[in-house]
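Notes follow the structure.
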Amino acid sequence: MSRRRYSVAAFFCPVCRKIPAQYAVPLLLCLLCTAPAFSQEDAVQLWGRVVSADGSPVEHASVALRNTRFGTVADGKGRYILPAPAGEYTLVVSAMGYATVERPLSLRSRQSLMLELIPDEKEIEEVTVVGKSAVRQVNESAFNVVAIDAKPLHNTSMSLTHALDRISGVKIRETGGVGSNTQVALNGFSGRHVKMFMDGVPMEGFGASFQLNNIPVNLAERIEVYKGVVPVELGADALGGAVNIVTRQLRSTYVDASYAYGSFNTHRSNFSVGHTAKSGLTFQLNAYQTYSDNSYRVKTQLLDVATNTYSQEKFWFRRFHDGYRNEAVVGRVGVTRKPWADRLLLSVTLSQEKAEIQNANLMKIVYGGRERKAQSAIPSLHYEKKNLIVPNLHFSLTTSYSISRNNNIDTLARQYSWNGEYRQKSARGEGQYSMGEYNNSVFNATANLRYRFADMHHVSLSNLYSDFNRKATDAAANSENSVAATFMRRTSAKNVAGISYRIQPSDRWSASVFAKRYDVLVRGPVDVSTVTSSAVYEEQGRSFSTEGYGLGATYRILPSLHLKVSFEKSYRLPSENELFGDESLETGDVGLKPENSHNINFNICYDRALSKAHTVYFDVGLIYRDTKDYIRRQIEQRYGGAYYANHGQVRNLGFDVEARYFYRRVSVGGNFTFQDIRNMEQYAVGGRKLIYYKDRMPNVPYLFGNADATCNFYNPVGRGSVLSATYNLRYIHSFFRNWESEGGDIIIPSQLSHDLTLTLSLRNGRYHIAGEARNITDEMLYDNYSLQKPGRSFMLKLRYFFFKQ
């Protein structure tokens, strides 16, 4: 492929004062969030792109004027806008891993200039910038993966879960409002089938007070979603895929502060500060807080406390015992760019939460006094060194130790109704009496070693070790309701080792093969009684070892069209909650078997700029899953508790489609997912033929989609201001909450909701005001069984962002 060459004189040309059409896209919000303020007198706008040797954009390149406070950072498409007074400057362009570029620059009054850096080996005054953006590299890998830039969402009040809900094939399932239990459903698999990571570290041991449902999106730089096959570098035993949250790693001085207030007395605040010195010393501090009464209305059956019977008709009630609060602080300190370490960071995360429990897993069963509390402390260490000992040998090590304390409180001898009335009970506890306390401790260590030789060959070794321990810590608190199993050990140790080989002879195609080794040892209480009237517990241990393998390939047919295919024989080891429960509404089973599955993914992606004003993106993905010993979460109908059990065989065949179009200031797009998840177990254990053979798996949406449109208006209230309007639509087709063949009132109806967001950015991204309206038509929305989510709500957010290169 020939390479275009331009002289230095061709880098600069006068154009009209308006921003060119191809830059008026929603991604411009990203760079506006990182541009410092400046004096409006004699202002000139410098705009352009930073590209690599093959013309692809370089993400987050720094573009600054030397010895001034004027600078900005390119967005995910390599585009930037740099406002500054007219004058003579030295322009400095730099990015991690690239040569720094310095050029004289003359900015003339009331004139816009375009800077486009494209390599030319024959001209000494021209610059080559090598490499691709992190988002682009992930999206072009051989795996079925989507990486999204989180920075355009930093002006919203979203948590990480709501950001994920906009990705094709992803469905977020919540049990209620702010702080409620959340599951990520990915291509039909949800809950623990989908592994969650933060900077490559498993989030299973982070504790309830530091999870996706309460972490603000401002903490993330990008979100990577692996649909099915997961690379060995993550060390995952994932079955349905994985999500990796990459946190912000700005190599600069910045302050980011925001506060939001909204419906149901909801408050969210966030404060972040960071600095990296020329010596390489760096520190970051992130603190956030969330509070909500969650006092939205729900429609459900009413309990007559006198007769202890439920009404057939459903009525509207306001939630009265569902308050939630959460606070967290994340601190990092370390060094970068040292001969012995490219990065060495010590981090500490402290978090706590308190949540009132309004209802069981069935909406009609309501509580008035139950609550849970959690506190966690997570110290961690990250070390990274490129060219270790020999060139192209890269090593990274991340370790963390999580300690979380949990309290489940249920002491009232009452049975409540949704109208606030209650009757006295003879036994204490609205569900099961508890005021006990237990501690979880989790140690994680992830090591990766990568080596590249002969330019086209890549070998990776990885190992993930995880050790989980749970114990009751307060004998007095547990004494009134303890059983023999209460103080028995609950431990789980697992190790996942992987090796992969990738060959990439050119940018047109690459292929990889990999293998994984799984080892697990579980110990905990097992009910060995032969009668159901009384339980007899015995502490037992179980071990499991096996191997998995897979391969993947990508081929670029045209510069804008490429194919991806992957296959994996994978295993997923039961999680701690599935093995041991949550000591509240869920019961575990130490005897659960690991899930195993054959996974196939096929993708075709088209991404092309049709002209300076038009860009289109189109992606189609096909999935096939054949899973055995599928771990299914089920609801006990009398008391509303949950438990887990292996289900023989499940097959999933489906597809997801995403399309997006950009034109000048407007972008429109959407995604659509269909997943046909069927029970393929024909006979029960005793040989009885199952009536629901080939039924769709219950309580799993099989048809859903999102659509969105964004329009940007530039300089509506003065230079350096941007008004952005975004509309979002979500649709979920009706699905069965129980087995289809069993009949009855078992359908969760179709749902259609609409959201609207208006954001005003001032002084080139220093100040932001955002207003959000969610579920503006006040629809009844459900995710899990009959658990209703909030109706129409509003939120106002104020944000201040300061950035200095």
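Quick notes
- For beta carbons closer than 6 Å, sequence separation of 6+ or different chains, a first residue in segment 651-666 that is more than 21 Å from residue 726 (Cβ to Cβ) and a second that is of a type in the set (Asp, Glu) and in a strand (DSSP E or B), the qualifying pairs are 651/626; 653/676; 654/676.
- Some residue of segment 456-474 being surrounded by fewer than 16 Cβ atoms within 10 Å (Cβ to Cβ), at pLDDT below 85 and more than 30 Å from the chain's Cα centre (by Cα): yes
- For residue 774, the criteria (1) open to solvent by 30 Å² or more (accessible area, probe 1.4 Å); (2) under 22 Å from the mean Cα position of the chain (by Cα); (3) farther than 30 Å from residue 642 by Cβ hold in every case but one, which is (3).
- Tally, over segment 323-348, of residues that are open to solvent by less than 20 Å² (accessible area, probe 1.4 Å) and not in a strand (DSSP E or B): 1
- Complete set of residues in segment 601-625 that are part of a strand (DSSP E or B), open to solvent by 20 Å² or more (accessible area, probe 1.4 Å) and either small (Gly, Ala, Ser) or not assigned by TED's automatic domain parsing to the domain that holds residue 555 (or both): 609
- Scanning segment 672-710 for residues that are in contact with a helix residue (DSSP H, G or I) (Cβ under 8 Å, 6 or more places away or on another chain), in a loop (DSSP other than H, G, I, E, B) and closer than 17 Å to residue 748 by Cα yields 695, 698.
- Scan of segment 764-795 for residues that are in a strand (DSSP E or B) and closer than 24 Å to residue 248 by Cβ, ordered by number: 767, 768, 769, 770, 772, 795
- Complete set of residues in segment 487-502 that are within 30 Å of residue 559 (Cβ to Cβ) and open to solvent by 40 Å² or more (accessible area, probe 1.4 Å): 501, 502
- If you filter segment 507-561 down to residues that are more than 23 Å from residue 461 (Cα to Cα), of a type in the set (A, V, I, L, M) and at pLDDT 85 or above, you find that the one that is surrounded by the fewest Cβ atoms within 10 Å (Cβ to Cβ) is 558.
- Checking 282, 276, 266 one by one, the residue that is closer than 18 Å to residue 398 by Cβ and not assigned by TED's automatic domain parsing to the domain that holds residue 146 is 282 and no other.
- Of all residues making up segment 283-322, the number that are open to solvent by 70 Å² or more (accessible area, probe 1.4 Å), in contact (Cβ under 8 Å) with a residue 24 or more places away in the chain and of a type in the set (A, V, I, L, M, F, W, C): 4
- Across segment 181-204, the qualifying residues are those that are assigned to a loop (DSSP other than H, G, I, E, B) and surrounded by 24 or more Cβ atoms within 10 Å (Cβ to Cβ), and the one among them that is modelled with the highest pLDDT is 187.
- Each residue in segment 436-455 was checked for being assigned to a loop (DSSP other than H, G, I, E, B) and buried (at least 18 other Cβ atoms within 10 Å of the Cβ), and 1 pass.
- Candidates 683, 731: the one that is open to solvent by 70 Å² or more (accessible area, probe 1.4 Å), more than 26 Å from residue 775 (Cβ to Cβ), among the aromatic types (Phe, Trp, Tyr) and out of contact with any Ser or Thr (no Cβ under 7 Å at 6 or more places or on another chain) is 683.
- Test result for residue 554, over 30 Å from residue 667 (Cα atoms), of a type in the set (Val, Ile, Thr) and part of a strand (DSSP E or B): no
- Filter result (under 23 Å from the mean Cα position of the chain (by Cα) and open to solvent by 50 Å² or more (accessible area, probe 1.4 Å)) within segment 264-280: 271
- Condition met for residue 714 (free of Cβ contacts under 8 Å to residues at least 60 places away in the same chain and not assigned by TED's automatic domain parsing to the domain that holds residue 162): no
- Filter result for residue 381 (open to solvent by 20 Å² or more (accessible area, probe 1.4 Å), in the same structural domain as residue 487 (by TED's automatic domain parsing) and in contact with a Leu (Cβ under 7 Å, 6 or more places away or on another chain)): yes
- Members of segment 663-678 that are touching a strand residue (DSSP E or B) at 6+ places or on another chain (Cβ under 6 Å) and either open to solvent by less than 30 Å² (accessible area, probe 1.4 Å) or at pLDDT below 90 (or both): 663, 665, 667, 669, 670, 671, 673, 675, 676, 677
- Where a residue in segment 597-621 is among the basic types (Lys, Arg) and its partner, wherever it lies, is assigned to a strand (DSSP E or B) and open to solvent by less than 20 Å² (accessible area, probe 1.4 Å), with Cβ under 6 Å and at least six apart: none
- Applying the condition of being hydrophobic (A, V, I, L, M, F, W, C) and open to solvent by 20 Å² or more (accessible area, probe 1.4 Å) to segment 562-579 and asking which residue is farthest from residue 624 (Cα to Cα) yields 563.
- Output for segment 570-593, where each listed residue is modelled with pLDDT under 80 and assigned to a strand (DSSP E or B): 586, 587
The values are calculated or read from the model by the stated rules, or taken from the named source; none is laboratory data. Source: prediction; values computed, not measured. Methodologically, a virtual Cβ is constructed for each residue, glycine included, from the backbone with ideal geometry; neighbour enumeration extends over all protein chains shown. For the accessible areas, the whole protein counts, side chains as well, though only heavy atoms, and no ligand, DNA or RNA atoms are used. Shrake-Rupley method; radii C 1.70, N 1.55, O 1.52, S 1.80 Å.
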